[in-house]
Each structure stands twice: as structure tokens, then as C-alpha cells.
Amino acid sequence: MVERQFPNVRELAQLMQFKKPELSAKKRRLDAAYTISDLRTIAQRRTPKAAFDYTDGSAEGEISLARARQAFEDVEFHPGILRPAVDVDTSVEILGGPSALPFGIAPTGFTRLMQTEGEIAGASAAAAAGIPFTLSTLGTTSIEAVKAANPAGRNWFQLYVMRDREISYSLARRAAASGFDTLMFTVDTPVAGARLRDKRNGFSIPPQLTLGTVINAIPRPWWWIDFLTTPPLEFASLSSTGGTVGDLLDAAMDPTISYEDLEVIRGLWPGKIVIKGVQNVEDSKKLIDLGVDGIVLSNHGGRQLDRAPVPFWLLPDVVREVGKDATVMVDTGIMNGADIVAAVALGAKFTLIGRAYLYGLMAGGRQGVDKTIDILSTQLVRTMRLLGVASLDELNPSHVTQLARLVPVHRAAAEAADASPAPTRTPAPRARSTSAAKPARTATTKPAASKPATAAKATAKTAAKGS
């Protein structure tokens, strides 16, 4: 029987430790965020619908984005036991320079529309974290201002080829003169994708006041106060504005871009050059043969071609073909430090974050971007420790299995046919044996098993056995 006593006042006082109240509302918000999803929730509350949806949405049915995120969720890790990883080294050498973490900030357009600090918040947070920051051709902060915000850090410049080629060439020269060390040539935007959320919201550049936007602004006055009391938006490459983002892109971009443009840009850029928007093995091999320094497997965050290949699924095949000769990076769908660990384990030298960074920006400006980096780095280190690896170099395909949901039907059928026993020469019918069902997953411990088709065969067998 439990012996009871009157509470001891001194002991009770030790238990009753009241937390000091936090007077800063912004810090309270950010302190309550433990995941990128938490930052997204805060961002949605604080940002007008049109601006938030521009960031959050993607093209048409938003299938590409959903698949990319699902691909990272469909990862099975394989930890090693009794392998202490107390001091985890997350640093990496990327494109001739250091990065304290295996991810950098991706290029994002119209960034000050999300939150008025825009690219300055991103560049200064990247400087503090020791990671690269990438400025978009469609950025809302000048090349020189970004350099001033990140004077000693890694600055990269993302380049679109415009209809007026001299605009693009001039921007590249300015970036080189300002000490940007890498050019990220984006090739997946000959025309704008169908971003239907923007059309439905009537989202334009600059934002137009309508009855709907006014009603939506009532609970978010801080956004409009910031927008109306800070310098007007200026775009490095757009001489005129007015219309949806898709309208502006279609007016500015040139659908005739080709390998000849790459040759010209390679000739005028003195630093490293990376091609962003690569979506198959054949293009990867051709680009490396042409001498580029790296490629980014990306479907533009699902914002261009819907139902495009999932970059994370494509990663093992590309690394197997060109990984020894070039730097392979990946983006699209990264929302957790564990996603970055999985990508590095499958051969990515580096990753880029776009939406995750913008959610933090919308949630709290510069402090929100710092929070994004802190969340991802904390998740990254914890995942590595749980796997039993102390450095990024120790990560390899044996640590990850890509579980498969979507697989090409024709590949599955072809592999099933190849796996069938050869027909017998005797006329008498024979019962054909069937192999045991395998888990529906794509193991990456063997080179041939990294293809999603392997999982398709296993899935089909499992379904047949259970039917």
C-alpha cells in the first residue's frame, strides 16, 4: 500500500518551475515550430492567399510535386548498430568550395512578394550557416545587394535564357564581376507551366487590389504594411510587369533555347557551371560529355511539366552513369533533413531547398530562414546518428531502400517476361513453379535493384498471391 504524506513545500517549489514569458511574438511562433510543416502552417496564417499559393502550389493537378514528396516518404533506412556517431561532420566540398551542410538555398523568383526581406534574408541566413545561396534571374534583389548581404560566403546565380539574349548575358557578367562562383543554367522553362492556383487567385505582378484580396488582407495587415512601406519590387530581368507570373514568363522566356545557348554561356562564364532541370539519364550523359561541372536533377518543384519524372527516383540511375565524372545534385520535395540524408546516401553530392526556405521566410523573415536551416540540420544530424554514421562520406546505398508505389507498366511487364522460365521441349504439360513473394520495394544495395521496375514485379507477385 502506498504511503502518503503532506506535500513538502520546498520540494513542491522545486517542481513548480515557471517558464519565463517570451515577449517577442515572432520568437514565440518560431520556437513552436519543430518541422518544416509547422513553418508552412505559420506561413499560411501570415501570408495573403495569392502569395502563399504561388509558393505552395505547382503546375496543373500538382501531381509531380505530390509524387516527389511521396518518394522521400517512401524511404526505408537501414541503421547500423553499435557504431557510435557522437561527433557528426555534415560539411561537404561542393563545386570547388566548402559548405557546412549538404544543402543550399535554391533560386526562387519574386521572393519579396512572399515576405519583404526576400533574398536579403536568405543570403544573410546562408552566410551565417555557411551554405551557398542561389539568386534567381527573377529575383527581387539585385546581384550586388545579395553580394553585400553575403560578402564572404558562397553565392550562386541562376540564369534563364531570355528572348533578349543580351539581358541574360549581362546578368551573367554582373554576377561574375560580383564574385558569384557558380552559374546555375536552368533549362526546364522554355515556357511557363500551367500554375492554376495563380489563375484562380488572380495573382499578378504587382499584386492587384480586388474585393477578394482586401477581404483576405484583413487578418494579415502586417503583410500589406510591409509591402506598402518598403521599396517597390524591382526585377533584374523584367523591364515591365503586369499579369500573372505565367504571362510574364511566357513574355520573357525563349522556347528556342538549345545547346548552342549553353555553348555561348559556357564561354562567357569564368566559374563553375551547373545545369538545372535535368530529367533523364541520356541528357545527363550528354551534358557531362560537354564539360559542365554538375547537374541538378529537378522538375522545377513540380511547377513546369506535371507528371514529370521524380528526381529522387532518377538519382541512382544517373549517379551510376555519370557520378564518377560530375557533381550530381537534386531538388524537389525536400522537407526534412532525413530526405537530404537519403539523397546523399544514393549518391547526390548536394541538395537544394526552395519551398522549405520560403515557408521559413514567410513565417518570420530572416529569423524564419534561420529556423528552416536549424530544423533541417537538426533532423539531418539526428538521422545520421541513428544510422550510425559520423560523416557524409560514410553514407551509401546500403543505408536506404526506395519503396515503390508508381512504376512504369512496360518495364514491369518486360521484367516479368524475362523472369519467366523458358518453355520446355517436351509436349507433356508441366506445372510451373512460382517464386515467393517479395516486399514491394526497390533495394539499392545492388546496382540493378535501384530501378523502380524491380519493385513492380515484386508488387505484382504479392498482389497475385493475396488475391
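Yes or no: segment 325-337 includes at least one residue that is open to solvent by 20 Å² or more (accessible area, probe 1.4 Å), under 23 Å from Asp181 (Cβ atoms) and in a loop (DSSP other than H, G, I, E, B). Even if it seems obvious, please write down each step before you answer.
Our first condition is that a residue be open to solvent by 20 Å² or more (accessible area, probe 1.4 Å); within segment 325-337, this holds for 325, 327, 335-336.
Then keep just the ones that are under 23 Å from Asp181 (Cβ atoms); that gives 325, 327.
Subset that is in a loop (DSSP other than H, G, I, E, B): 325.
Taking every residue of segment 325-337 in turn, at least one turns out to be open to solvent by 20 Å² or more (accessible area, probe 1.4 Å), under 23 Å from Asp181 (Cβ atoms) and in a loop (DSSP other than H, G, I, E, B).
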Item to check | For Asp198: the one exception among (1) surrounded by fewer than 18 Cβ atoms within 10 Å (Cβ to Cβ); (2) touching a residue at least 60 places away in the same chain (Cβ under 8 Å) | outcome: (1)
Item to check | Test for Arg320: is it open to solvent by 20 Å² or more (accessible area, probe 1.4 Å) and within 14 Å of the chain's Cα centre (by Cα) | outcome: no
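Consider Ala148 carefully, then state whether it is part of a helix (DSSP H, G or I), buried (at least 23 other Cβ atoms within 10 Å of the Cβ) and at pLDDT 95 or above. Even if it seems obvious, please write down each step before you answer.
Working: part of a helix (DSSP H, G or I): yes; buried (at least 23 other Cβ atoms within 10 Å of the Cβ): no; at pLDDT 95 or above: yes.
Answer is no for this residue.
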Checklist entry - Quick one: Ala66 ticks every box in (1) at pLDDT below 95; (2) surrounded by fewer than 16 Cβ atoms within 10 Å (Cβ to Cβ) bar one, so which box is it? => result (1)
Checklist entry - Can you tell me how many residues in segment 245-294 are open to solvent by 10 Å² or more (accessible area, probe 1.4 Å), of a type in the set (S, T, N, Q) and within 23 Å of Ala106 (Cβ to Cβ)? => result 2
Checklist entry - Taking only pairs six or more apart or across chains, which ones have beta-carbon atoms under 7 Å, a first residue in segment 15-36 that is touching a residue at least 12 places away in the same chain (Cβ under 8 Å), and a second residue that is among the aromatic types (Phe, Trp, Tyr)? => result Ile36/Tyr359
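Can you find even one residue in segment 33-42 that is over 16 Å from the mean Cα position of the chain (by Cα), of a type in the set (S, T, N, Q) and closer than 20 Å to Asp374 by Cα?
Initial filter on segment 33-42 (over 16 Å from the mean Cα position of the chain (by Cα)): 33-34, 38, 41-42.
Keeping just the survivors that are of a type in the set (S, T, N, Q) gives 41.
Right, trim to closer than 20 Å to Asp374 by Cα and you get 41.
Checking segment 33-42: at least one residue is over 16 Å from the mean Cα position of the chain (by Cα), of a type in the set (S, T, N, Q) and closer than 20 Å to Asp374 by Cα.
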Item to check | Evaluation of Ile340 against (1) over 20 Å from Glu62 (Cα atoms); (2) surrounded by fewer than 24 Cβ atoms within 10 Å (Cβ to Cβ) (one fails), failing number | outcome: (2)
Checklist outcome for this item: Checked segment 257-312 for anything over 14 Å from Met329 (Cβ atoms), of a type in the set (Lys, Arg) and under 21 Å from the mean Cα position of the chain (by Cα); matches are Arg303, Arg307
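The values are calculated or read from the model by the stated rules, or taken from the named source; none is laboratory data. Here the structure is a predicted model, which means the values were calculated and not measured. In this analysis, Cβ positions are derived from the backbone assuming ideal geometry, glycine residues included, and neighbour counts consider all displayed protein chains. Surface accessibility is based on the protein's heavy atoms, side chains included, excluding ligands, DNA and RNA. Shrake-Rupley method; radii C 1.70, N 1.55, O 1.52, S 1.80 Å.
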